[in-house]
1. For region 117-124, what does the Karplus curve 6.51 cos²θ - 1.76 cosθ + 1.60, with θ = phi - 60°, yield as ³J(HN,Hα) per residue in whole Hz, taken in order and with x for Gly and Pro?
2. May I ask you to list the GluC sites (Glu not before Pro) in region 133-169 that are in a DSSP loop and have at most 13 other Cβ atoms within 10 Å of their Cβ?
3. Any idea what the dipole of the chain comes to, in debye rounded to 20, about its Cα centre with Lys/Arg Cβ at +1 and Asp/Glu Cβ at -1?
4. Calculated from DSSP H runs of 4 or more alone, at -39500 (n - 2.57) each and per residue, what is the 222 nm mean residue ellipticity of the chain, nearest 500?
5. Take the alpha carbon atoms of region 37-106, find their radius of gyration, then divide it by 2.2 N^0.38 Å using N residues; give the quotient.
6. Would you please give the residues with an amide H less than 5 Å from that of LEU116, counting only those at least 5 places away or on a separate chain, with H modeled from the backbone geometry?
7. For region 4-139, what is the percent of antiparallel DSSP beta bridges, rounded to the nearest 5?
8. Under 5 Å between amide H atoms, partner at least 5 residues away or on a different chain: which partners does VAL189 have, H built in plane at 1.01 Å?
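Nothing in this text is a laboratory measurement; each read-out follows from the coordinates by a stated rule. In this text the structure is predicted, and so the values were computed from the model without any measurement. Glycine gets a Cβ as well: all are built from the backbone with ideal geometry, and neighbour counts include every protein chain shown.
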Amino acid sequence: MAELHFFTGTMDSGKSTLALQTNHNHAQRGRVGRIFTAHDRAGEAILSSRLGLTHDAIEVGPDFDFWRYVVDSLTAGARIDYLVCDEAQFYTPDQIDQLAKVVDELQIDVFAFGILSDFRTRLFAGSARLVELADRMNVLQVEALCWCGKRATHNARTEDGVMVVEGEVIVVGDMESTDGPPAEVAYEVLCRQHHRRRLTAARARAVALSPEPLPFGS
Ligand SMILES: [Zn+2]
């Protein structure tokens, strides 16, 4: 029986590496798959992992229809045994519903990989729908670490080095700014406590060097 699998973890937990490994393992067994991604850090239509591996992929825009794509491919005579879906947090809830339909109606396995929550600590729309629909949910075992050494469970966004907890959910490159040069956007994984206190590694270093006491209670 085909299943909808959801592999999740913070940034840096090796999701894209596992996505590529999953594709490799199935391809080795003679199975035929399709690889999808959205907003990958390496650019459009590429699945890249932090370890340096990359693979061509189909870019999932907001209007992409998985059901139509698979049905059209099968009708044209192609064989598809499984789908590898990276950056699935960026897919729309409708697209996740299409993936579930592909599993149920066409008996094609779907392996989705994505971050659970965004820099505001809210669930991504795509991930929320995956939690609701997946047959199996797996939390990745490679643990990303906060600068303090605790398990990093939260994703932080910084703009020009300052942590922010509001803004557009999807920002991959630098951000356009109406006043002044574009803000340099970066991401960092933190434990919950340090996410709550907005204490990034850079700010923790600055605080350690300054005579000011740590900002408790914030
Ligand atoms: Zn921490």
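1. 10, 8, 5, 8, 6, 9, 4, 5
2. GLU166, GLU168
3. Dipole about the Cα centre, nearest 20: 1060 debye.
4. Counting only the DSSP helices, I get -8500 deg cm²/dmol.
5. Computed over Cα atoms of region 37-106, the ratio equals 1.15.
6. The answer is GLY9.
7. Here the antiparallel bridges make up roughly 15 percent for region 4-139.
8. ALA156
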